[in-house]
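Engineer: Pasting in a structure now, in structure tokens, and then I'll have a few things to ask.
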Amino acid sequence: MPRFAAVAAVVSGCGSTITLEIASDRPVPAAIDAICVGVADEALDGGHFGRLYPIASLPQTLRVQAGNADAALAWVRGDRGGVPALYVSAPLDFGSDVTLDLASCQVGGAGDAAPRGAAVGPTGALLAASHGQGGTLVVAIGTAGASVIDATNGALVAHDTPAPPPGTPVSILAADLDGDCDDDIVVITSGAAPLIWQREGDEFVATDSIGGAAVAAVAAADVEHDRDIDLVLGGGGNLQLWLNDGAAHFTHAAAALSAAGRVSAISALALGDLDGDANADLVVGQANAPLTAWLGEGGTFVASDAVVPAIQLDIESLTLADADGDFDPDLAIAIRGAPMRLLVDRDGRLEDQSFVRLPQPAPIAHAIAFGGWDGGCEPDAVIAAEPGAAMLRGSDLGVFQTDLVAPAATDVTMVDIDDDGDLDAIMATAEGVIWLAR
Amino acid sequence: MARALILLVLFALPARADDVSPQAIELYLARGQKLFEEQEYGAAIQTLTPVTRDARATRAQRLRALELIALSQFIRNDKGAARATFERILDIDPGYQLRDTSGSPALRQFFDDLKKQLIPGYDPHAGADLEHAAPTAGTAGRALELQVRVTRGNVFDLVVATRRRGELTYATSPLSPRGDNRWHTRITPPPSSKPYVLEYYVEARDAGGATIARIAAPDQPLEIALTAGAVDTAAPRPWFTRWYVIGGAVAVAASLGGVIVLATQGPGPGTLPPGTVTVTP
């Protein structure tokens with residue numbers, strides 16, 4: 001539930017007032033066309049401000065007055081085509097102005113990745129990263145339960161979540177469903193309709209279910225450019241767009257998206273602006289059926305055979321993220337029992353460049369995460385695989401180089417779990433959730 | 001002697017991938033094609049392999065290299081390697097049609113069998129069908145919109161080729177996919193003080209760049225009768241758009257802004273609404 005009541009616009013400054021600047025060297029609006037700016041008291045019972053802004057240029061600024069806050073956290077999410085592209089956060093001590101830089105060059109530590117602390121939380125889990133008041137969290141859900149994972153004093157700690165819905169966890173998604181710039185959670189299981197866990201500070205509260213039936217996959221984007229995040233649900237041969245009213249209440253928009261017989265065994269969904277028209281496009285992965293796509297047209301989706309090669313794969317998960325540093329989303333595909341694929345976005349069409357960019361043989365992955373976490377600017381990758389797979393370092397040649405081998409894992413996310421300004425890898429293993437940092 | 005050694009080393013070193021420009025990739029392809037035609041299949045594979053691994057090679061360049069490598073492997077009776085290479089081709093473009101002009105029935109059979117295994121519903125004789133409602137008229141120098149619908153087939157690229165009647169060569173413009181298998185482009189015929197006829201045809205290509213369908217043809221183009229039209233001559237610019245007026249206004253605004261900032265405590269309100277927020281009132 002957003003706490004806008006705790007925020008007040010003021011007309012004059014005071015001693016504890018600073019300027020929060022949001023800057024970027026990325027092209028606007030080609031690489032960033034909206035920003036979600038959040039500012040929240042470090043004390044979890046304090047105030048919270050969050051708002052999504054379409055932008056035509058950067059930098060932009062916001063004057064932030066402490067009021068009764070001693071310290072605060074500011075964060076910004078940069079969106080492209082209605083889909084988050086990157087996050088940056090910084091603490092505010094109200095002693096000096098702060099710039100949140102959505103830099104095109106995202107770097108991490110120069111050293112080797114190494115585990116921090118012990119494994120916590122459920123084993124063999126699915127992961128989703130949530131940004132918001134209280135800092136960055138990871139929600140882990142496994143067959144034995146679920147946990148909210150945070151980092152404290154250099155180690156992960158696990159906190160309680162609401163009771164997961166019945167059935168086996170199938171998918172989990174983090175997205176700002178209520179427009180406060182905090183990421184809420186959508187939990188997908190085999191035995192219940194998708195359930196929303198809304199973020200309140202550093203906790204989650206179960207709220208509404210979406211639809212009345214279990215689904216196999218979910219993806220999120222602001223499909224109709226009304227500044228809230230909509231959801232696409234899929235399962236079997238059924239594909240549905242659910243429109244958000246801005247307060248995390250969803251309505252099925254049957255006329256806006258239909259599977260129309262093009263799919264029969266949906267297993268994964270991904271949304272991202274592939275053709276650079278500022279609309280989120282939809283890629284649908286299936287179990288032993290061809291990869292397919294729909295182009296977004298600002299509120300509706302139309303089928304398109306030209307976007308992805310109709311290769312028949314048994315797809316476990318899809319990741320649309322910039323893998324080659326050109327700000328366009330590329331598609332990483334985890335395939336059951338077969339080497340992962342990497343399809344690179346070239347002028348709105350996804351081209352299989354697995355053999356070009358991935359070390360061969362490519363690992364058999366459960367999930368893939370991208371982000372800049374070594375000393376170079378190029379995006380790097382961490383792969384959840386059994387047994388463990390080599391982490392990948394991006395290179396200026398566009399080809400990933402192998403790094404150390406990460407532990408065996410079922411899922412991975414790259415997120416700044418300790419809010420120190422650089423990315424970490426959070427992996428779901430048979431021992432629990434672990435933290436790798438450089 | 002020392003110079004000879006250095007030269008030898010330079011020739012022996014493989015070209016760094018980041019030195020490879022699109023033109024250099026074309027050179028590799030031409031060299032590989034020549035080696036293939038000279039039946040130097042091992043050397044052809046060696047020459048073409050870097051192209052398949054270069055991230056900057058276009059899709060068509062990569063497919064050309066892969067096909068020549070697959071053909072070389074097939075001819076050398078390395079069926080396992082040929083199959084793996086053909087699979088890479090079909091991963092890039094499930095609708096790929098072989099460029100090979102040898103007409104080898106064994107090769108065609110091998111490739112078609114592989115396609116049948118990998119591509120559900122594969123039709124070896126499939127091409128593509130296009131629908132297009134031709135515009136009946138237009139104006140020279142003014143944008144003209146064209147839309148084409150692909151009703152069947154695996155089309156990677158659609159282009160429209162246009163020329164003014166009487167000219168020999170066509171200029172091509174790509175169409176962009178817009179969903180529902182509709183492709184769209186906007187072309188602006190050259191301005192002219194006299195009416196003229198614009199000739200055009202539409203061509204569908206697969207990922208390798210091969211033509212798989214056409215509407216009309218270079219020697220039998222469609223026609224649009226264009227009325228005379230020149231590029232709009234710009235109207236005199238209003239006084240308030242002149243640079244010195246804008247510059248003066250900016251200077252005045254900046255001065256006023258400075259006065260306002262000096263007159264208040266702390267930083268000015270931000271550019272994002274509501275300008276100022278209080279974290280915990």
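Engineer: Which of the following residues is closer than 19 Å to A:VAL308 by Cα and out of contact with any Leu (no Cβ under 6 Å at 6 or more places or on another chain): B:LYS79, B:LYS115?
Structural biologist: None of the others qualify; the one that does is B:LYS115.
Engineer: Assuming B:LYS115 fulfils every condition listed in (1) within 13 Å of chain A (Cβ to nearest Cβ); (2) touching a residue at least 60 places away in the same chain (Cβ under 8 Å); (3) in contact with a helix residue (DSSP H, G or I) (Cβ under 7 Å, 6 or more places away or on another chain) apart from one, which condition is it?
Structural biologist: For B:LYS115, the failing item is (2).
Engineer: Among the strands (runs of 3 or more DSSP E) confined wholly to segment A:27-82, which include 1 or more residues that are more than 9 Å from every other protein chain (Cβ to nearest Cβ)?
Structural biologist: Answer list for segment A:27-82: A:34-41, A:48-54, A:72-80.
Engineer: Would you pick out the residues in segment A:295-319 that are assigned to a loop (DSSP other than H, G, I, E, B), more than 7 Å from chain B (Cβ to nearest Cβ) and surrounded by fewer than 20 Cβ atoms within 10 Å (Cβ to Cβ)?
Structural biologist: Within segment A:295-319, A:GLY298, A:GLY299, A:THR300 qualify.
Engineer: Within segment B:182-195, work out how many residues are small (Gly, Ala, Ser) and either open to solvent by 50 Å² or more (accessible area, probe 1.4 Å) or within 14 Å of chain A (Cβ to nearest Cβ) (or both).
Structural biologist: 1
Engineer: While we're here: What are the pairs with Cβ atoms under 6 angstrom where one residue, in segment A:71-82, is closer than 8 Å to A:CYS36 by Cα and the other, located anywhere, is β-branched (Val, Ile, Thr) and open to solvent by less than 10 Å² (accessible area, probe 1.4 Å)? Sequence gap at least six, or different chains.
Structural biologist: Listed pairs, sorted by first residue: A:VAL76/A:ILE22; A:VAL76/A:ILE35; A:VAL76/A:VAL37; A:GLY78/A:ILE32; A:GLY78/A:ILE35.
Engineer: If I filter segment B:258-281 for residues that are open to solvent by 30 Å² or more (accessible area, probe 1.4 Å), at pLDDT 80 or above and in contact with a helix residue (DSSP H, G or I) (Cβ under 9 Å, 6 or more places away or on another chain), do I get at least one hit?
Structural biologist: There is at least one residue in segment B:258-281 that is open to solvent by 30 Å² or more (accessible area, probe 1.4 Å), at pLDDT 80 or above and in contact with a helix residue (DSSP H, G or I) (Cβ under 9 Å, 6 or more places away or on another chain).
Engineer: Continuing with this model, one more query. Restricting to segment A:322-349, and then to whatever is open to solvent by 30 Å² or more (accessible area, probe 1.4 Å) and within 19 Å of A:ALA293 (Cα to Cα), can you tell me which residue is modelled with the lowest pLDDT?
Structural biologist: So, considering only residues that are open to solvent by 30 Å² or more (accessible area, probe 1.4 Å) and within 19 Å of A:ALA293 (Cα to Cα), the one modelled with the lowest pLDDT is A:ASP347.
Engineer: To continue, here is another question. Of all residues in segment A:111-142, which are outside any strand (DSSP E or B) and at negative phi?
Structural biologist: Hits for segment A:111-142 are A:GLY111, A:ASP112, A:ALA113, A:PRO122, A:THR123, A:ALA125, A:HIS131, A:GLN133, A:THR136.
Engineer: Among the residues of segment A:133-140, are any surrounded by fewer than 23 Cβ atoms within 10 Å (Cβ to Cβ) and over 22 Å from A:GLY421 (Cβ atoms)?
Structural biologist: So far as segment A:133-140 goes, no, none of its residues is surrounded by fewer than 23 Cβ atoms within 10 Å (Cβ to Cβ) and over 22 Å from A:GLY421 (Cβ atoms).
Engineer: Restricted to segment A:208-230, and to residues that are surrounded by fewer than 17 Cβ atoms within 10 Å (Cβ to Cβ) and in a strand (DSSP E or B), which residue is modelled with the highest pLDDT?
Structural biologist: Top of the filtered list is A:SER209.
Engineer: Then there is this: Could you list, in sequence order, the residues of segment A:81-110 that are under 18 Å from the mean Cα position of the chain (by Cα), open to solvent by less than 20 Å² (accessible area, probe 1.4 Å) and closer than 19 Å to A:PRO59 by Cβ?
Structural biologist: Within segment A:81-110, A:LEU86, A:LEU102 meet the criteria.
Engineer: Counting only residues that are modelled with pLDDT of 95 or more and among the charged types (D, E, K, R), which one in segment A:43-68 is most open to solvent (accessible area, probe 1.4 Å)?
Structural biologist: A:ARG51
Engineer: Are there any strands (runs of 3 or more DSSP E) wholly within segment A:345-399 with 3 or more residues that are more than 13 Å from A:ASP330 (Cβ to Cβ), and if so which?
Structural biologist: Per the criteria, A:365-371, A:380-385, A:390-393.
Engineer: Let me ask another. Restricting to segment B:123-181, and then to whatever is acidic (Asp, Glu) and closer than 30 Å to A:GLU351 by Cβ, can you tell me which residue is farthest from the other protein chains (Cβ to nearest Cβ)?
Structural biologist: B:GLU145
The values are calculated or read from the model by the stated rules, or taken from the named source; none is laboratory data. This is a predicted model, so every value here is computed, not measured. Cβ: placed from backbone, ideal geometry, glycine included. Neighbour counts: every protein chain shown. We work out accessible area using only protein heavy atoms, side chains counted, and drop any ligands, DNA or RNA first. Shrake-Rupley method; radii C 1.70, N 1.55, O 1.52, S 1.80 Å.
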